[in-house]
Ligand code: SF4
Ligand code: MG
């Protein structure tokens with residue numbers, strides 16, 4: 001199959017507990033039925049406002065969270081119900097995560113050398129000598145001076161720490177990296193360096209990325225195809241050009257209206273669509289289309305029937321009754 005990852009109706013609900021007995025009184029539908037496929041070597045962007053479930057989606061995809069239901073097929077194997085032992089032998093090596101705040105994910109008391117050796121030791125990979133070579137290779141790949149090997153995380157800048165985060169993710173030769181807001185904490189000039197590094201590494205190592213971000217411009221730059229999330233669901237999923245230049249879903253149109261679109265002749269500025277109301281709570285999402293309370297073109301049917309997520313053009317999926 002040309003797809004390295006196939007996600008089918010993936011859900012992740014978190015129970016809401018209350019009272020002395022901590023009874024479950026409801027659930028937060030953080031991820032509520034995601035379906036998409038990822039081709040080997042491509043970058044899928046998952047974009048949406050804070051609270052749309054994109055981070056939970058990333059963590060559920062690599063089984064840091066137990067899925068509530070649905071299937072995750074990775075390299076032909078359904079990993080959604082694998083036990084810890086099976087996960088350790090496969091997924092924990094082949095899929096890695098890069099986080100928003102590299103500092104929080106790096107142990108402050110460990111040197112760069114031991115941060116990079118740790119995954120290899122945990123997975124019992126390589127001899128001592130091979131590990132040393134591998135570490136030199138990783139430092140080289142992310143553009144680090146080999147003399148930095150005995151330094152601690154606090155001795156590095158934010159951008160350097162994210163390079164360490166990336167090097168650590170590469171230590172086990174993964175096929176896929178899930179990057180959750182990997183540049184959001186960095187200055188814009190540093191963001192570009194990290195994005196360029198990720199693109200170079202992707203070409204060199206044939207990596208597949210799922211790139212999670214609230215930043216439409218960054219997602220546009222790095223992605224081949226993009227999914228737009230709202231309240232735990234994908235509203236639209238399409239090739240980057242289609243999605244950014246001809247968005248079909250009213251929510252995507254509203255998001256895109258805030259971003260100037262570079263065109264051949266100057267910059268085309270779309271009329272800004274301001275959404276009414278606030279983002280509803282994922283503990284109590286609207287009936288029917290979850291976007292209907294804010295959609296400028298909602299009809300009666302929208303508050304009653306959930307729209308199907310359908311492919312209306314080749315590789316262009318939309319969940320909306322208009323189509
Ligand atoms: Fe708007 Fe209705 Fe489409 Fe939902 S289904 S996006 S409410 S038009
Ligand atoms: Mg997030």
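Any read-out appearing in this document is the output of simple, stated calculations on the displayed coordinates, not a laboratory observation. Given the structure is predicted, the values throughout are model-derived calculations rather than measurements. We place every Cβ from the backbone using ideal geometry, glycine too, and count neighbours over all the protein chains shown.
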In whole Å, what are the Cα extents of the chain along the three principal axes, biggest one first?
67, 61, 42
So what's the gap between the Cα centers of region 4-18 and region 89-108, to the nearest angstrom?
20
With a cut-off of 8 Å between alpha carbons and a minimum separation of six or more residues, what is the relative contact order of region 89-201 in percent?
45
Would you mind computing, in nm to one decimal, how far apart the modelled labels at residue 40 and residue 224 are, each placed 7 Å from Cα along Cα→Cβ?
1.1
The chain: antiparallel bridges as % of DSSP beta bridges, rounded to 5, reads 65
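Using mean Cβ contacts within 10 Å as the protection proxy, how do 18-30, 201-213 order, highest first?
Descending packing order for the listed peptides: 201-213, 18-30.
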When N counts the residues of region 195-265, how does its alpha-carbon radius of gyration compare numerically with 2.2 N^0.38 Å, as a ratio?
1.18
Give me the distance in nm between label points sitting 7 Å out from Cα along the Cα-to-Cβ direction at residue 323 and residue 281, one decimal.
3.2
Between region 47-63 and region 188-244, what's the alpha-carbon centroid distance in Å?
14
Net length gained if the chain between residue 107 and residue 18 were fully extended (0.36 nm per residue, minus Cα distance):
28.6 nm
Where does region 167-226 land on Rg(C-alpha)/(2.2 N^0.38 Å)?
1.07
Work out, step by step, the length gained on full extension between residue 148 and residue 90: first 0.36 nm times the residue separation, then minus their alpha carbon distance; give nm to one decimal.
17.8 nm
With springs connecting C-alpha atoms under 10 Å apart, model the chain as a Gaussian network and identify which of 65, 126, 13 has the largest mean-square fluctuation.
126
Can you compute the helix-only [θ] at 222 nm over the chain? Use -39500 (n - 2.57) per DSSP H run of at least 4 residues, normalise by all residues, nearest 500 deg cm²/dmol.
-8500 deg cm²/dmol
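Find how much the distance from residue 312 to residue 203 grows on full extension, using 0.36 nm per residue of separation minus their present alpha carbon separation; answer in nm with one decimal.
Values: separation 109, 0.36 × 109 = 39.24 nm, distance 3.10 nm.
Gain on extension, residue 312 to residue 203, equals 36.1 nm.
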